[in-house]
Every structure is written in C-alpha cells, then in structure tokens.
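Shown next, in structure tokens, is the structure this report addresses.
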Amino acid sequence: MELVIGKVAETGAKRLVIDSFSAMAQAFEKPHDARVVLHAILGKIARSMGCTTLLVVEVPHGESRMGLGIEEFVADSIILLKRKLLEDRPLRELEVLKVRGSPTPRAHVVFTLKGGFRVLLEFKSKPIERLSRFRPRPDAEDYFSSGSPDVDEMLGGGYPRGSTVLFEVGDGVSSAHYHLLGYPIVWNFMAHCRGVVITPSAGVDHSLVKRRAVAGGFTEEEVNGLLRVCTRYRPRVTEPYVVTFKGSDPLEDFEERFKLELELMERTGQPVLDIVGVDMLIDAYGPAGALTYLKACSTRTGVGGLCVIVLKPGYSRLAKILASMADVHLKFTRRHRVVLVYGVRPMTGLYALEMDTSEGYPMPKLTPII
C-alpha cells in the first residue's frame with residue numbers, strides 16, 4: 001500500500017482503480033486488516049491527495065453482501081451491477097445504492113455491453129426536423145419486410161408470408177411504443193401499392209391512423225386508395241378510408257371485412273395487411289366472439305397476406321390461445337422506464353426500443369442487451 005500511495009503522489013494521479021479488492025483481500029490474514037487498508041486508501045489517497053478511488057468488489061454467489069461486507073460501509077458511493085433473467089433472457093441492471101451528499105433520482109437503470117458500456121435512457125419521442133417520405137425496403141422471397149432494418153435483422157429476414165403476428169403488449173407500454181414497430185409494416189405495404197385493413201385498438205381512432213400514415217409521407221389519395229380503417233362508431237366526418245361495422249355478429253362482420261380485402265386485392269393485384277386490436281373486438285363481441293373473429297383472420301391470412309394482432313394487458317387466458325396460433329410472437333415490456341422488445345417465436349434476445357428520426361420519419365432503433 002505504501003508503494004501504491006507513493007505512485008499516486010509521484011504521478012499526481014486523479015483516479016485509482018483496484019480491480020479487484022476482493023482478490024486483494026484474500027491475502028489478508030484478518031478481516032480487520034482489510035478495514036485498515038480501506039481506511040488507508042480512502043483517507044490518504046482519496047481525501048488527502050484528491051484521487052478518486054474505484055474499488056471493484058464481488059458479491060459472493062447466493063449472498064447479498066458485497067465482498068467482505070465492510071466495503072459498503074466505508075465507501076462514499078456504491079454502484080451495484082446485476083445480471084437478471086427475463087424469460088430466460090439476460091437483462092443487465094445498474095442500481096445506485098448510495099451517493100453520499102447527492103440525490104439519486106434514477107436509482108435503477110438498464111445497461112448493455114453492446115459497443116461498450118452504455119446506460120439505456122428512458123424512451124422518448126424525438127422531433128423530426130425535416131419530413132421525408134418513407135423509403136420502402138425490399139421483401140425476401142419468403143418474407144415480408146417489417147419496414148425496419150433492425151426488426152428484419154432481429155427476426156432473421158422479416159415476417160413470413162401468409163403468417164399471423166402477435167404483438168403482446170405489457171403494462172406500462174403505450175401505443176406510441178408498439179406503433180413504432182407496427183407502422184413501418186403499414187408504410188412498407190403501402191409503398192409497394194398493397195392494401196391495409198386496420199381495426200385499431202381502443203384509444204386509437206381513424207384520425208390517428210391517418211396521421212401515422214401521413215407521417216410516412218403518404219398522400220391523401222394514397223390513404224384513401226390503399227387504407228381501410230374499420231370502426232364501430234361512425235365518425236362525424238365521413239372519410240373514404242373509414243368503414244363502420246355492426247359489432248353484433250363476429251363472422252358476419254368478418255365477411256364484410258373480407259369483402260374489403262378482396263376489393264383491395266383485385267384492384268392492386270397484391271396481398272393485404274390485416275391489423276386487428278383485440279380489445280376492440282372484445283368490446284364488440286366478448287372474448288369468445290373475438291376469438292372466433294381472430295381465428296377467421298388467421299385462417300384467411302394463410303393464403304399469402306399478413307395479419308398482425310395487437311393484444312394489450314388484462315387477457316392472460318386469451319394471450320395463451322393467441323400465442324399458440326401465432327407464427328411470430330413479439331412481446332413488449334418495460335423495465336426501469338426502458339421499453340424492451342423480444343421474440344418468443346422466433347426466440348430472440350432482449351432489445352431496448354428507441355426512436356430514430358434521422359431519415360425524416362420515426363423508425364425503431366433496437367439495441368441488444370448483451
């Protein structure tokens with residue numbers, strides 16, 4: 001320790017890192033010696049010489065104490081790095097246990113080692129400085145592109161043609177979060193002159209759907225020609241892209257929806273994208289009727305289109321049934337104000353969801369948690 005103190009004084013060091021103090025402490029015969037050394041480091045080096053000292057200590061497996069159990073009482077600040085599992089996927093968390101003399105407004109955060117140590121910040125929508133039209137992505141032979149390079153990479157190519165996709169939304173996840181993955185699909189279909197039929201979730205009306213389409217740079221003519229929004233409630237202003245359904249018989253309403261799809265397919269010569277909000281169907285038909293409607297959608301999609309089902313929290317039994325139906329199952333959850341996305345089918349790791357507006361329209365940016 002005299003040698004270390006001498007080198008700090010000689011170089012005028014501002015940082016001293018001891019990695020790890022747990023390994024060093026194994027050379028001490030008595031725990032009391034470790035405490036003496038700690039006080040010597042902090043007293044002589046940190047305070048007298050103005051050198052900030054970082055001690056790396058280990059938490060013994062299966063225990064909650066740090067190192068010898070004395071380091072946390074001597075240190076001015078304590079940062080705990082943890083590795084947890086979220087459905088068998090590693091999740092890295094940082095917890096600020098103590099910062100003497102300073103407040104800790106964000107005591108828990110998520111971090112990743114992708115590209116170096118990085119703390120992931122709370123999801124925030126970003127302004128778009130200069131609007132641009134969405135640039136479509138090409139489809140693979142067996143896949144529809146998600147419209148996002150990051151999502152295509154996560155899924156190994158995109159969404160299989162003729163598949164049913166389940167977006168399972170967790171507590172604390174808003175429509176702005178899952179829309180960030182959903183609307184590039186809509187834009188990519190419309191950019192390829194394909195029709196889109198949407199039954200939006202509760203809280204999302206036809207005008208918001210139109211605004212999201214316009215955010216991708218699509219014109220009024222394109223919206224009216226390629227987009228159909230199904231709603232139970234007749235809007236005050238009648239728009240060509242808005243279609244009302246009765247909300248009494250699920251199969252009867254599905255047949256009406258199917259006629260919309262046929263009309264779009266015949267006019268464009270292309271497959272159709274279906275997006276269905278489950279909570280709106282439950283409100284109209286009840287859980288059993290909603291499931292009947294969704295089974296019909298899934299069966300119809302198998303001929304070559306794409307169906308995206310959006311399931312919000314509160315329907316655990318229905319979630320299990322829909323998960324068994326889906327070819328692709330994505331989950332959205334939130335930890336320490338960070339929105340996380342991961343695939344159940346296909347199985348993927350955890351990704352932090354952020355917004356990228358560098359292209360002139362909002363796109364998902366996925367950062368893997370590794």
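Packing-wise, with mean Cβ within 10 Å as the measure, how do 152-163, 175-186, 75-86 rank, highest first? Show your work: numbers first, answer last.
Details: 152-163: 19.1, 175-186: 22.2, 75-86: 13.1.
My ranking of the peptides, most packed first, is 175-186, 152-163, 75-86.
Charged side chains reduced to their Cβ positions (Lys and Arg at +1, Asp and Glu at -1) give the chain a dipole of some 940 debye around its Cα centre. Summary of the geometry: segment 3-24 and segment 281-316, compared by the centres of their Cα atoms, lie 63 Å apart. Using log10 I(q)/I(0) by the Debye sum over Cα atoms at q = 0.07, 0.12, 0.14, 0.15 Å⁻¹ as the read-out, say which of (i) -0.29, -0.84, -1.12, -1.26; (ii) -0.44, -0.89, -1.12, -1.26; (iii) -0.33, -0.91, -1.17, -1.30 was calculated from these coordinates. Read-out from the structure maps to (ii). Remark: segment 119-166 carries a charge dipole of roughly 340 debye about the Cα centre, counting +1 on each Lys and Arg Cβ and -1 on each Asp and Glu Cβ.
Structure remark: mean-square fluctuation, Gaussian network model of the chain, C-alpha springs under 10 Å; the largest value among GLY360, GLY147, GLY216 belongs to GLY360.
Would you mind computing Rg(Cα) / (2.2 N^0.38 Å) for segment 225-338, counting N as its residues?
On the way: Rg = 15.1 Å, N = 114, 2.2 N^0.38 = 13.3 Å.
The reported ratio for this selection is 1.14.
Given +1 at the Cβ of Lys and Arg, -1 at the Cβ of Asp and Glu and no other charges, the dipole of segment 2-120 around its Cα centre is 460 debye to the nearest 20. Largest GNM mean-square fluctuation across PHE258, PHE111, PHE144, computed for the chain with C-alpha springs under 10 Å, falls on PHE258. Ordered by the count of other Cβ atoms within 10 Å of each Cβ, fewest first, GLU72, GLU354, GLU10 give GLU10, GLU72, GLU354.
When the trypsin sites (Lys or Arg not before Pro) in segment 1-55 are filtered for DSSP coil states and for at most 15 other beta-carbon atoms within 10 Å of their beta-carbon, the remaining sites are LYS14. With the simple spin-label model, which puts each label point 7 Å out from Cα in the Cβ direction, the SER324 to LEU251 separation comes to 2.1 nm. Net length available on complete extension from ARG232 to GLU359 is 42.2 nm, with 0.36 nm assigned per residue and the Cα-Cα distance removed. For q = 0.15 Å⁻¹, what log10 I(q)/I(0) does segment 2-120 give under the Debye formula with an equal point scatterer on each alpha carbon and no solvent? The Cα Debye sum returns log10 ratios of -0.82.
Taken together, the values in this text are just the output of simple stated rules run on the coordinates, not laboratory data. Everything numeric in this text was worked out from a predicted model, so none of it was measured. Positions of Cβ are backbone-derived with ideal geometry, glycine not excepted, and every protein chain shown enters the neighbour counts.
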